[in-house]
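Worksheet: the structure to be examined is printed underneath.
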Amino acid sequence: MATDYYTVLGVGRDASQDQIKKAFRRLARELHPDVNPDPKTQERFKEINAAYEVLSDPQKKQVYDLGGDPLSQAGGAGGAGGFGAGFGNFSDIMDAFFGASSQRGPRSRTRRGQDAMIRLDVELEEAAFGTTKEIQVDTAIVCTTCTGEGAAPGTSAQTCDMCRGRGEVSQVTRSFLGQVMTSRPCPQCQGFGTVVPTPCPECAGDGRIRSRRTLTVKIPAGVDNGTRIQLAGEGEVGPGGGPAGDLYVEIHELPHSVFQRRGDDLHCTVTIPMTAASLGTKCPLETLDGLEEIDIRPGTQSGQSIPLHQRGVTHLRGGGRGDLIVHVEVLTPSKLDPEQEELLRRIAKLRGEERPTGQFQPGQQGLFSRLKDAFNGR
Ligand SMILES: [Zn+2]
Ligand SMILES: [Zn+2]
């Protein structure tokens with residue numbers, strides 16, 4: 001079996017013990033046979049157990065890193081057994097399901113609130129230079145009636161009489177192994193250790209209420225489609241008036257009528273008549289920085305581009321800006337009247353272009369060679 005244990009757990013070879021443990025727990029939750037009885041999944045579950053057994057043990061990990069198979073040396077504990085393989089894993093599996101075993105006693109009624117995300121439309125100009133926007137968010141805030149306690153005004157939470165505030169109840173059962181004591185969360189108080197006899201009428205005991213808030217968001221210069229701005233503590237307040245989660249504002253940049261953005265550069269196309277391309281001209285262009293004159297040099301070819309440095313979008317990190325690139329398209333004159341045709345024929349004659357042969361090159365040479373290079377990894 002040439003399975004790579006690092007790949008099985010989806011961690012790098014330099015992963016810390018903590019990262020290995022976290023990866024294992026996440027997978028164990030997902031692939032446990034009780035959750036997922038599919039035979040293929042069970043095979044995967046055995047694999048992650050074997051991988052974790054090795055990588056969580058510094059000695060076995062060292063043997064494995066040096067190219068050995070610590071499981072076959074240790075008497076074939078891997079492969080076949082699954083659960084039986086490493087009882088050392090068992091507490092970690094339990095942890096994965098029931099949370100850290102060190103967490104004893106009543107659990108708190110307050111929990112951290114969820115993160116939230118909101119999409120925000122911005123214009124190109126706003127993305128380029130940054131702005132400040134007001135947004136409205138529907139969110140949960142601390143209940144003003146009970147200040148998050150969950151109890152109706154004038155009342156308070158009381159110690160649970162079933163578990164006497166411990167949050168869990170114990171039970172002794174006889175089994176063939178002898179007496180076994182098991183603990184489980186108190187069914188009367190759901191493990192909180194307290195009960196709220198009269199819940200707050202405003203929030204029904206949840207400690208928080210829905211509300212609409214207006215927030216002012218600072219949009220930094222250089223944001224792009226999909227950029228997320230984190231507003232710490234502006235998400236939902238948690239149950240029991242717990243600390244608020246974070247709010248993420250995701251930027252959605254609206255298309256611009258003239259400019260197309262690629263990275264921090266802006267692109268646009270200007271179409272000019274053949275005569276102007278040949279003689280040169282100046283074209284007014286409304287850029288993000290105001291009106292500018294684009295200098296079309298005499299003899300400009302179709303497809304040529306004119307860069308305007310530092311006229312693009314501000315770089316989000318570090319100073320400076322992208323460029324504005326104006327692509328030139330030359331219009332060939334058509335529908336000539338007799339006089340125009342006569343003039344053009346004269347020009348052609350003067351330039352010796354009456355019977356041009358044209359210049360041929362291999363088709364799409366540039367593109368093909370670039371593709372070939374990409375395939376060859378060059
Ligand atoms: Zn309340
Ligand atoms: Zn209780």
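Scanning region 151-180 for residues that are on the phi < 0 side of the Ramachandran plot and open to solvent by less than 40 Å² (accessible area, probe 1.4 Å) returns Ala151, Ala152, Cys160, Cys163, Glu168, Val169. May I ask you to list pairs of residues, at least six apart or on different chains, whose Cβ atoms are under 8 Å apart, with the first in region 291-319 being free of Cβ contacts under 8 Å to residues at least 12 places away in the same chain and the second being in a strand (DSSP E or B) and among the β-branched types (Val, Ile, Thr)? Here the result reads none, with nothing in region 291-319 linked to a residue that is in a strand (DSSP E or B) and among the β-branched types (Val, Ile, Thr).
For region 137-150, the tally of residues that are closer than 15 Å to Gly240 by Cβ, away from ligand 2 (no atom under 16 Å from the Cβ) and open to solvent by less than 50 Å² (accessible area, probe 1.4 Å) stands at 5. Which residue pairs have Cβ atoms under 8 Å apart, sit 6 or more places apart or on different chains, and have a first residue in region 237-250 that is at positive phi and a second that is among the hydroxyl-bearing types (Ser, Thr, Tyr)? Note: pairs meeting the criteria are Gly240/Ser108; Gly240/Thr110; Gly241/Thr110; Gly241/Thr147. Which one is nearest to Arg107 (Cα to Cα), of the residues in region 162-194 that are among the β-branched types (Val, Ile, Thr) and within 11 Å of ligand 2 (Cβ to nearest atom)? Looking at the filtered set, the residue picked out is Thr194. Listed conditions (1) in a strand (DSSP E or B); (2) away from ligand 2 (no atom under 16 Å from the Cβ) are all met by Pro153, apart from (1).
Candidates are the residues of region 197-212 that are open to solvent by 40 Å² or more (accessible area, probe 1.4 Å) and part of a loop (DSSP other than H, G, I, E, B); the one that is farthest from Ala152 (Cα to Cα) is Asp206. Would it be correct to say that Cys268 is more than 30 Å from Arg317 (Cβ to Cβ), hydrophobic (A, V, I, L, M, F, W, C) and part of a strand (DSSP E or B)? Taking the combined requirement at face value, the residue does not satisfy it.
In the condition set (1) within 16 Å of ligand 1 (Cβ to nearest atom); (2) among the β-branched types (Val, Ile, Thr); (3) at pLDDT 90 or above, Thr132 is compliant with all but (1). Output the number of residues of region 195-221 satisfying the condition of being more than 16 Å from ligand 2 (Cβ to nearest atom) and more than 40 Å from the chain's Cα centre (by Cα). Counting residues in region 195-221 that are more than 16 Å from ligand 2 (Cβ to nearest atom) and more than 40 Å from the chain's Cα centre (by Cα) gives 1. Would you confirm, using the coordinates I've provided, whether Ser183 is surrounded by 11 or more Cβ atoms within 10 Å (Cβ to Cβ), more than 16 Å from ligand 1 (Cβ to nearest atom) and modelled with pLDDT under 90? Judged against the criteria, Ser183 is a match.
With respect to being open to solvent by 80 Å² or more (accessible area, probe 1.4 Å), at pLDDT 75 or above, in a helix (DSSP H, G or I) and β-branched (Val, Ile, Thr), Thr41 falls outside the description. Remark: pairs (first residue in region 260-272, of a type outside the set (Asp, Glu); second residue open to solvent by 30 Å² or more (accessible area, probe 1.4 Å) and outside any strand (DSSP E or B); Cβ separation under 6 Å; 6+ apart in sequence or on different chains) = Cys268/Val258.
The values are calculated or read from the model by the stated rules, or taken from the named source; none is laboratory data. What you see is a predicted model, and the numbers here were worked out from it, not measured in a lab. Glycine also receives a Cβ, built like all others from the backbone with ideal geometry; neighbour counts cover every protein chain displayed. We work out accessible area using only protein heavy atoms, side chains counted, and drop any ligands, DNA or RNA first. Shrake-Rupley method; radii C 1.70, N 1.55, O 1.52, S 1.80 Å.
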